[in-house]
Every structure is written in C-alpha cells, then in structure tokens.
Amino acid sequence: MKADQPPLLEVKDLNISFDVQGGRVEAVKGANFSVKPGKVLALVGESGSGKSVIAQSILRILPRNGNIDSGSILFNDPGKAGETVDIAKLKANDPLLYDLRGGRISMVFQEPMTALSPLHTIGNQVEEALTLHHNKTRKEAIADTEEILQLVGFPDPGRGYEMYSFELSGGLRQRAVIAMALICNPAMVIADEPTTALDVTVQAQILGLMKSLQEKFNTAILLITHDLGVVANMADEVVVIYHGKIMEAGTVEDIYNNPQHPYLKALMNAVPHFEMKPGERLVSLREIGKDNKVIQNLAHRFKASTAGKKITGPHLKVDNLRKEFTIRKGSWFGSGEDSAIVAVDDVSFDIKKGECLGLVGESGSGKTTVSKLIMRAISATNGSVTINDGSGMTDVLALSGDELMNFRRRVQMIFQDPYSSLNPRMTVQNILREPFVIHEIGDPDQQQDDVVDLMRLVGLDPRFLNRYPHSFSGGQRQRIGIARALALHPEILICDEPVSALDVSVQAQVLNLLNDLRTELNLTSMFISHNLAVVNYVAERIAVMCQGKLVELAPREQLFEKPHHPYTKALLSSVPYPDLDRLLDFENIATASADSIGEWGGAFLPSNNGNLVRLEVEKGHFVLANENSDMRELRA
Amino acid sequence: MLSYLIKRAFYMVPTLVLTSILVFILIELPPGDYLESYVAELLSAGETVDPKEIIYLREEYGFDLPVWERYFKWASGLLVGDFGYSFEYQLPVNDVIGDRLLFTIIVTFFTIIFTWIIAFPIGIYSATHQYSWGDYGLTFFGLLGLATPNFLLALIMMYLANRWFGTSIGGLVDPEFVDQPFGWAKFVSVLEHLWIPVIVIGTSGTAAMVRRVRANLLDELRKPYVTTARAKGVPEFRGLMKYPFRMSLNFFIADIGGMLPQIISGAEIVAIVMSLETTGPLLIQALQSQDMYLAGSFLMMLSFLTVIGVLISDIALAILDPRIRLQGGVSR
C-alpha cells in the first residue's frame, strides 16, 4: 500500500453526548482513529464504552437524544476519488447521507433475530438495500439478491428469498444481514458485535465468511466487539476504548504482544484462557472487598447444617434423564398434528461432594433443561435424579409436599440474566429475606442479621439493602443473585450461564467470587455455560451436550487435551483465542457443528445393528458412540 | 386456508348456542313478563283489564309454555332469521330494528372513519416526536376529549349547530323527512345532521385511539429492525410506514372484533340525548320494558357480530403477519 494513500474513514476529535433527564452524558470524548481501505479495524471496549455510539454516528443513526457535539468524520470514497465528505457536518436530511447509508457504508448488527423485520421476506429486505441505491429492473434485482444470498452461504437462494427471518437459524439470519450489507458493494462495513449472539461454532463460520468476503470485495471493516479472541482473528489494527476515551491504538501485533495501557493489560488478564494452571486466578479489574470473618462464619454454619451427614459416593446422580416437549406442528392453517421434540435425551452423570461439574453446549442443546429438571421446575418424561442425603440416595423426582420443600433448601440456582431474575419491585432487603420467610427460618431480627451477612459475603455494602435492583450494575446484581442462592445454606448450587451477560472485567470478578465461595463453603456445583474457557476455569469435570445428548464427559485436562467426540473437537477448534499464534483455521472450520451431524463419522452415529452407548475410553472419560465401534477408532 | 375457515366456523356454533342460552336466562331472570308489566301499567293508568284477554294473549305468545320450550321456539326462529315479536311495538322485531339499522350503520361507519383519519396521523406524529411540545399539546387535547362527558358535548354542539347553521335540534334528519323514503334531499339532510353525532361519539374514541397508536408505535420504533432500515438508507417516512407502522397495525386489526358489535350498540347515551333514530336507545328501552324478544334478539345479534368480528380479525391478522400464518404453537 502506498504511504500517501488517504484513509477511507477518518474520525477526528469526535465528541458525542446524550441528552438525558437532568442533564447530558458524554458518551464519546475526543475520539481519533482512521480506517484504511480494505483493512479491518477493530474497536474494542466493554458495554457502555461508547463503541456502538461511534458506529451509529458514522451512519448518523444515533438515537434522537444523541448529538455529535464537535469533531469530524471524514469519508474519502474511493469510488469518487479526491472527494471527501464530512459526515458529521451533513444535515440530517441531506440526500448524500441517504446515498452513503447502505450504499457506500453499511452495517451488520448484533441481534440477527431482531435486526430483520419478521413481516417481510428475507429477499424483500435484502433487495431493498439494492433498489434504494441502484436503478434495477425487478428481474435484475431478484437475480442480484439471489446471487448474494448464494455467496453468503444460503443453500437454496431461491427458497431463501421467499423465507421469513423467524424461519431461519441464527447463523442464516446473520448471513442474510451480511448479504444486505454487501449487496451494494460498499467501501466499508460496520460490524457491531456481529457474532456475539451466535453459538461458538456458528461464530467461527460467520467470522470465516466475513473474512473471505472482505478479501474478495476488498471492503474495509470497522469491527466493533468486546471479544479479544474475535479481534485477534479478524483485525489488522485495533483501537481500545474505555468510557468514551481511546486508550490505545495500534496494529494487532503491537496490541497483543506489547500492550501498554494499564486498562488493556488488565483486560487481557481478566479473560479466562486455556493455558491457565490449576489454581491460577483471574485478575479482576476491580477486586471485590472480601470479608473473611463473614465467610468463615458462614462456612461454620454451612457445616452445622450438614452436620451428621457423611456423604460418600456421588452427591447428585442423574440417570437416563429424558424430556420431551410437545410441539404443534404445521402452520396456523394446517392440520394440528402434535409431535415431540426431545430436549434431553438419555443423559446420565453424577457429581461428587464438593465437585464442580461443567456442562457445555450450544443454544438448544438442552443444558438448561437438564438444570430445570434437577430443580424440579419441569417434570421429566423418563429417567431419575437422585440426591445423597447421607443415609442413601433419595429420588428427587418422586418428592412431594414437605419433602419437596425441604429439597428446595438443599439445591439452589443462580440465573443467567441478572436483570430479569431479580424482581424490580422488591428491595434487595426483601429479595434476600424472602427465602427465610418462605422456609420460616428464624425470627425477623435473626433474618435481618443473616441478610446483612449475605451482603457482606458477596462484597456489597449492607447500607444498600433498601435500594431496588435497578440501582445496581449487572455484576452487582449477579452478586445479589448469588447471595440469594446461598441464603438457605444449600448443598448443591446450579449456575446457569451466570457470567454470560456480564462484561469481561466483571466476569472475572464474579467467577472469582463463585470459586472462592464454592471452595470455602464446600459446595457441590454444576456450572452451565456455552463458553469453554469459563468452564475450563471453574469446573473439575466437563460434560459436553449436543442436541439433547451428552456426547462426552471427561476430567477437565483430558477433555481439552484429548477430545474424542467430533462435536467436542469442533467446539474446541471454533473458540477464537486472544492469541495471535493460535488463530482459527477458517479453511477447515467446524465441519462438525451441531447442524452437520451426518459428517461425524460412523463410530459416533447409531446404525442398524448398534445403538449409541456411553463408552469409557479412559478412566473417567466417557464418549457417546456406537456400541459396535472399535475402541481404537474412537481414540484416534 | 379453506379447511381452517371451515374449522373456525364450526367452533363458532357451540359459542353461539351457549350465548343464546345465557341470553335467554338473562331475559327470563327478572320476575314477571311483558304482559304483567303491561297489565300493571294499564291498571295504574286507571283502565280495566279483561282477564280473558290476558289469558288469550298469554296463550297466543306462548307465555304458558315451559321455559325450555319457549327457548327452543325462540332459538329455532333465530336460525331462520325470525327474531320474534316485539310486544311494545306490536310488530315483528325485524321491522322494528330494520329502519333503525341503516341509520346506525351510517353513523357508526362515519364515526369509525372519522376516528381513523384523526387518530392515525396524530398518533404517528406523537410517537415520532415523543416528549416534544407537539406531543404534549396533542396529548393534552386528546385527554380533554377523553374526559369531556359525551352528553355534555352533544348538548353544546347541538346548540351551536342550531345557532350557527340553523340545523334542527335532535334526530338525524329534518322533521319533514321523517318517514319519507330515501332521496337526495333526505340524504343531504342526513349529512347535515350527521357530523354532530360523529364528532361527539368520535372524540372520546379518537383520544383513546391516539394513545394506543402512539404506545404501540413507540414500542416498535425502539426495535433494532428500524435501525437496520435506517442504516440501509431507507428514507425516514417510507421506512416508518413499511416497518414499524405496519408492525403496530396488529393491535388495531385485533380490534376489529370489538368494533363490529359497537356498530349496533355503541353510544346509547349520546343517541338518547340527541334523539337519534339508531338502535342503541331501542335496546335500552327494550330491556327496561321487558320486551323480551326484542331485547334477546338484540343481545344475540351483538354476540353474533362479536364472533364474526373476531373471525375477521383473526383471518386478517394471519394474512398480514407471517408469524401467525407460518409458526406452529408450542406447548409445554
């Protein structure tokens, strides 16, 4: 590239603020960066850092209360050499602006479900981007649309054209959005968290697609993300943004091999990665103040509540668990045939006292359904769940009345979404006290003391007890959720994606807290997540689920070092590492995702003369495979 | 589609049978019947009543039959379009209602059109200019319209129309046209009178409608697909109409089900105040005087229109919203 080639897009001293009730909030403070033609610039930051706001300002689609206060956004269109437009200075109804949007600069969004209108066909929406900017006959437009749909990987573009967004999988929806962004062959595509809402194998496919199309069309990409792994695999240059200010900028090699700014260094340390030694701690950006006295106190009481129970053998045992959901098939006008979907299919595992079992799987794999079945939130179609109460195994699925009530004290859950799992109309005080009230434990004074202890336990100031959940941040809310789960001194803690809604820095904080509490209170736990690195950090054994089946179960190190099942392998090879030496192999990616079971190889598929069974390939390492398959084939 | 329609129509049968039983029970519930109140009225007016005549009337109208037999007589009549006999008017119910139905439909039709024409632009403006002075101002006027009692507005409007335009007070036509066959002159006279009830009945409906259009559109405007459309370069107004507005229409289509029965029963009080020859006042009167077949037929017509209205909105929703058309329901 010539040195004097002007940047495609140059952002200079950009200041953006939002009018909010009672004043204004500065979202972007003096941002400077530039995007080179045909290159990928990653804008990295956590939620609230202002990265999406910058993206919206480039297309001038800020929300109505957002203003560009000063600065310029210079766009040098390579199609019109020498002409520079200052997008920040354009009037809101300038026709030039409408030409730029979608025509020269287009956008790919985070949520492929909601980014497409459910009332219009995919073809209609993709084609609209084309016909707005180019004069095409209807026939040409349809042909072009089908061509681009083919290019982004629609198996049958003609059919895809007629389909609606809700009929497609998340990956295909995102492909449609990418088609919409590329159909006018723009000079630049802004991709705002394009893969955050997708499963890891699909993410790898979409990243590969974006990379190949970017090279094919020589399009520049402004990639907005919080995921340092995605950045390492996609970007040529990186800009790190924090609280509206740019902290550090440079080539991807500079940023990863030689981070300078303390924030960036801290961020790099806060991400769980696979090379972590057992016992190694994540470095959280803001460590929670720990109150050891409270923890010890509580640990004492936890012991007291389980006193006299000596648990030998598994603490929780799940055998051949199966859950079917009935689905009314067909359209609204069609016949109302019912068919069953198997959400959980013959799942068996056990958890030892004090152990943490990780349950990994993509969306729809049935991992949350398993947790709900154990919690008795839904009823199982088949199979058994038993819990060890010191004297023997009790059948959880048969409990009723007082016994069930008692069981609820012993197993508690931490939920994924810290926003909707706390009642917004209850104060934290009431939220934390409710378990005591329901189970009639202690008098009001005692309950009050316990609530204060719980707050200290998770590092929150008891003075905040009278506040409502909305006045806490996501991480703080999740800590309230943890405190609530611990209120009844449970023996078993089920964590369902407890950190997936949190930023990286907060994620480290919550993971550390969970790890500390787990060891000090000697809790048995099950940790559900789609994030392999997170599971690797907390769990001792890991179970992998795919389409309702448990395909592999192994001790942590073994699973990562010697995965046997093709699905586990695909999963592991799809994770983008924040490491330039371990880039994703986009050429051979994810041939064995959940959608392509047929390519798994005969040993892992049921056949006419053999069903799928759990085979122990090594001690404690189970793989779901055909009962007639050769052990050597599996170990290969 | 056809099989669905047949199935849906079939579901309507038990609904209507149940309502007819309920309606019949309701009109039978008050003690006494039309003849008793008729006799009481005559006696209180100082007239003598021949008991033989009463017995004759009783047999004639079937009041001496057991309840269930009377129900079957009435219900089977409904099936062939015979709504029974109005005692008060001494006419078949069909004739009593028939005259008024036309006027009612005219008034309601124009009221609905009036409501839409006013409410949609205002609602769209309010939603796209949320918390602006325009939004606040229109909301204020809307609430004012909602809060003003209709009968009060009716009286004021009638007075003003009479002062300024010389329109005759009350009714839907000038007195000389009453009982005249429909002609151009009568039609003009109807139009002259029509605008007052339309505005009076429309104001409160408009205000409520504006709020609903605004709320529904606001919900949709925040959705990401709106941003997608803007990022594509879709001009603002075109994008507004194609995406969020179309989406927000769902509520409104679902509303059609409730609108049909309003056609014959809506705005009784205004109709009484303005002495409109619509069906609303008739229903109230029939209920008061225990004119059971008239009242019962009215109620049945209302429920029939409700059922039909819901069917129409269901079909319209399915045509407009592919999610309803193509997605199956999930049960746990």
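Within the set of pairs 6+ apart or on separate chains, which have a first residue in segment A:254-272 that is over 19 Å from A:ASP236 (Cα atoms) and β-branched (Val, Ile, Thr), a second that is open to solvent by less than 60 Å² (accessible area, probe 1.4 Å) and not in a loop (DSSP other than H, G, I, E, B), and C-beta atoms under 8 Å apart?
So the pair list comes out as A:VAL271/A:LEU228; A:VAL271/A:GLY229; A:VAL271/A:VAL504; A:VAL271/A:ALA508; A:VAL271/A:ALA533.
Considering only segment A:514-593, give the strands (runs of 3 or more DSSP E) lying wholly within it that have at least 1 residues that are open to solvent by 10 Å² or more (accessible area, probe 1.4 Å). Give the steps one after another, and end with the answer.
Details: elements: A:524-529, A:541-546, A:549-555.
In segment A:514-593, the matching strands (runs of 3 or more DSSP E) lie at A:541-546, A:549-555.
Filter segment A:439-475 down to the residues that are open to solvent by 50 Å² or more (accessible area, probe 1.4 Å), part of a helix (DSSP H, G or I), without any contact (Cβ under 8 Å) to a residue 24 or more places away in the chain and not basic (Lys, Arg) and list them by number.
Residues satisfying the conditions are A:PRO444, A:ASP445, A:GLN446, A:GLN448, A:ASP449, A:SER471.
For B:LEU155, indicate whether it is open to solvent by 60 Å² or more (accessible area, probe 1.4 Å) and assigned to a helix (DSSP H, G or I). Spell out how you get there, then give the answer.
Numbers: open to solvent by 60 Å² or more (accessible area, probe 1.4 Å): yes; assigned to a helix (DSSP H, G or I): yes.
Against the criterion (open to solvent by 60 Å² or more (accessible area, probe 1.4 Å) and assigned to a helix (DSSP H, G or I)), B:LEU155 qualifies.
Listed here are the residues, each with its yes/no results for (1) within 34 Å of the chain's Cα centre (by Cα); (2) open to solvent by 40 Å² or more (accessible area, probe 1.4 Å).
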site: A:GLY82; (1), (2): no, yes
site: A:VAL85; (1), (2): no, no
site: A:ALA88; (1), (2): yes, no
site: A:ALA92; (1), (2): no, yes
site: A:ALA115; (1), (2): yes, no
site: A:LEU119; (1), (2): yes, no
site: A:ILE122; (1), (2): yes, no
site: A:ALA143; (1), (2): no, yes
site: A:VAL152; (1), (2): yes, no
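Counting only residues that are modelled with pLDDT of 90 or more and in a loop (DSSP other than H, G, I, E, B), how many does segment A:219-242 have?
3
State yes or no: is A:SER500 in contact (Cβ under 8 Å) with a residue 12 or more places away in the chain and more than 30 Å from A:ASP350 (Cα to Cα)? Steps first, please.
On the way: in contact (Cβ under 8 Å) with a residue 12 or more places away in the chain: yes; more than 30 Å from A:ASP350 (Cα to Cα): no.
In short, no.
Which numbered condition in (1) more than 9 Å from chain A (Cβ to nearest Cβ); (2) part of a helix (DSSP H, G or I) is the only one that B:GLU277 fails?
(2)
Residues that are over 30 Å from A:GLY171 (Cα atoms) and away from chain B (no Cβ under 13 Å): find the strands (runs of 3 or more DSSP E) completely inside segment A:26-119 holding 1 or more of those.
Details: elements: A:40-44, A:66-76, A:84-86, A:105-108.
Here the list reads A:66-76, A:84-86.
Here is a list: A:LEU422, A:LEU404, A:LEU397. Which entry is loosely packed, with under 14 Cβ neighbours inside 10 Å, in contact with a Lys or Arg (Cβ under 8 Å, 6 or more places away or on another chain) and not basic (Lys, Arg)?
On the way: A:LEU422 fails: loosely packed, with under 14 Cβ neighbours inside 10 Å; A:LEU397 fails: loosely packed, with under 14 Cβ neighbours inside 10 Å.
Answer to the check: A:LEU404.
Take the residues of segment A:162-218 that are among the polar types (S, T, N, Q) and open to solvent by less than 30 Å² (accessible area, probe 1.4 Å): which is modelled with the lowest pLDDT?
Taking segment A:162-218 and keeping what is among the polar types (S, T, N, Q), we get A:165, A:169, A:174, A:185, A:195-196, A:201, A:203, A:205, A:212, A:214, A:218.
Filter once more, so that each one left must be open to solvent by less than 30 Å² (accessible area, probe 1.4 Å): A:165, A:174, A:195, A:201, A:203, A:214.
Working: A:SER165: 88, A:GLN174: 91, A:THR195: 87, A:THR201: 83, A:GLN203: 88, A:GLN214: 91.
In this case the residue turns out to be A:THR201.
In the list B:ASP314, B:ASP291, B:ASP321, B:ASP255, which residue meets the criterion of being under 30 Å from A:SER117 (Cα atoms), more than 14 Å from chain A (Cβ to nearest Cβ) and of a type in the set (Asp, Glu)? Steps first, answer last, please.
Values: B:ASP314 fails: more than 14 Å from chain A (Cβ to nearest Cβ); B:ASP291 fails: under 30 Å from A:SER117 (Cα atoms); B:ASP321 fails: more than 14 Å from chain A (Cβ to nearest Cβ).
One residue alone meets the criteria, B:ASP255.
Please report, ordered by residue number, the helices (runs of 4 or more DSSP H) entirely within segment B:177-263 with at least 3 residues that are crowded, with 21+ Cβ neighbours inside 10 Å and over 26 Å from the mean Cα position of the chain (by Cα). So that I can check it myself, show each step before the final result.
Numbers: elements: B:184-221, B:224-232, B:236-240.
Filter on segment B:177-263 gives B:224-232.
Looking at this structure, is A:THR369 in contact with a Lys or Arg (Cβ under 7 Å, 6 or more places away or on another chain) and at pLDDT 80 or above? Break it down into steps so the answer makes sense when it comes.
On the way: in contact with a Lys or Arg (Cβ under 7 Å, 6 or more places away or on another chain): yes; at pLDDT 80 or above: yes.
So A:THR369 fits the description; yes.
For the subset of segment A:415-449 comprising residues that are of a type in the set (A, V, I, L, M) and modelled with pLDDT of 90 or more, which member is nearest to A:LEU486 (Cα to Cα)?
Going through the qualifying residues, I end up with A:LEU432.
Step by step: first the residues of segment A:120-145, then only those that are among the small types (Gly, Ala, Ser) and farther than 18 Å from A:SER165 by Cβ, then the one that is farthest from the other protein chains (Cβ to nearest Cβ). Which residue is that?
In the first step, residues of segment A:120-145 are kept if they are among the small types (Gly, Ala, Ser); the result is A:123, A:129, A:141, A:143.
Still in the list and also farther than 18 Å from A:SER165 by Cβ: A:141, A:143.
Working: A:ALA141: 14, A:ALA143: 20 Å.
Here the residue is A:ALA143.
Can you tell me which of (1) among the acidic types (Asp, Glu); (2) touching an Asp or Glu at 6+ places or on another chain (Cβ under 9 Å); (3) loosely packed, with under 14 Cβ neighbours inside 10 Å is the one A:ASP77 doesn't meet?
Here A:ASP77 meets the rest and fails (3).
Is there a residue in segment A:618-634 that is at pLDDT below 85, among the β-branched types (Val, Ile, Thr) and either under 25 Å from A:SER363 (Cβ atoms) or not in a helix (DSSP H, G or I) (or both)?
no
β-branched (Val, Ile, Thr), closer than 26 Å to A:ALA340 by Cβ and free of Cβ contacts under 8 Å to residues at least 60 places away in the same chain: does that describe A:VAL396? Can you show your working first?
Details: β-branched (Val, Ile, Thr): yes; closer than 26 Å to A:ALA340 by Cβ: yes; free of Cβ contacts under 8 Å to residues at least 60 places away in the same chain: yes.
Yes.
This table checks each residue for (1) in contact (Cβ under 8 Å) with a residue 40 or more places away in the chain; (2) closer than 26 Å to A:GLN125 by Cβ.
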| position | (1), (2) |
| --- | --- |
| B:VAL200 | yes, no |
| B:SER204 | yes, no |
| B:ALA208 | yes, no |
| B:VAL213 | yes, yes |
| B:LEU221 | yes, yes |
| B:PRO235 | no, yes |
| B:LEU240 | yes, yes |
| B:MET247 | no, yes |
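Filter segment B:310-327 for residues that are in contact (Cβ under 8 Å) with a residue 60 or more places away in the chain, open to solvent by 30 Å² or more (accessible area, probe 1.4 Å) and not in a helix (DSSP H, G or I) and give the result.
Hits for segment B:310-327: nothing passes.
Does segment A:326-343 contain any residue that is within 29 Å of the chain's Cα centre (by Cα), at pLDDT below 90 and buried (at least 21 other Cβ atoms within 10 Å of the Cβ)?
Filtering segment A:326-343 down to residues within 29 Å of the chain's Cα centre (by Cα) leaves A:326-327, A:340-343.
Narrowing further to those that are at pLDDT below 90: A:326-327, A:340-343.
Then keep just the ones that are buried (at least 21 other Cβ atoms within 10 Å of the Cβ); that gives A:343.
Within segment A:326-343, one or more residues are within 29 Å of the chain's Cα centre (by Cα), at pLDDT below 90 and buried (at least 21 other Cβ atoms within 10 Å of the Cβ).
Is it the case, given these coordinates, that A:LEU502 is in a helix (DSSP H, G or I) and either closer than 19 Å to A:GLN476 by Cα or modelled with pLDDT under 85 (or both)?
Answer is no for this residue.
The values are calculated or read from the model by the stated rules, or taken from the named source; none is laboratory data. Computed from a predicted structure; not experimentally measured. Glycine gets a Cβ as well: all are built from the backbone with ideal geometry, and neighbour counts include every protein chain shown. Protein only, heavy atoms only, side chains kept; ligands, DNA and RNA dropped before computing areas. Shrake-Rupley method; radii C 1.70, N 1.55, O 1.52, S 1.80 Å.
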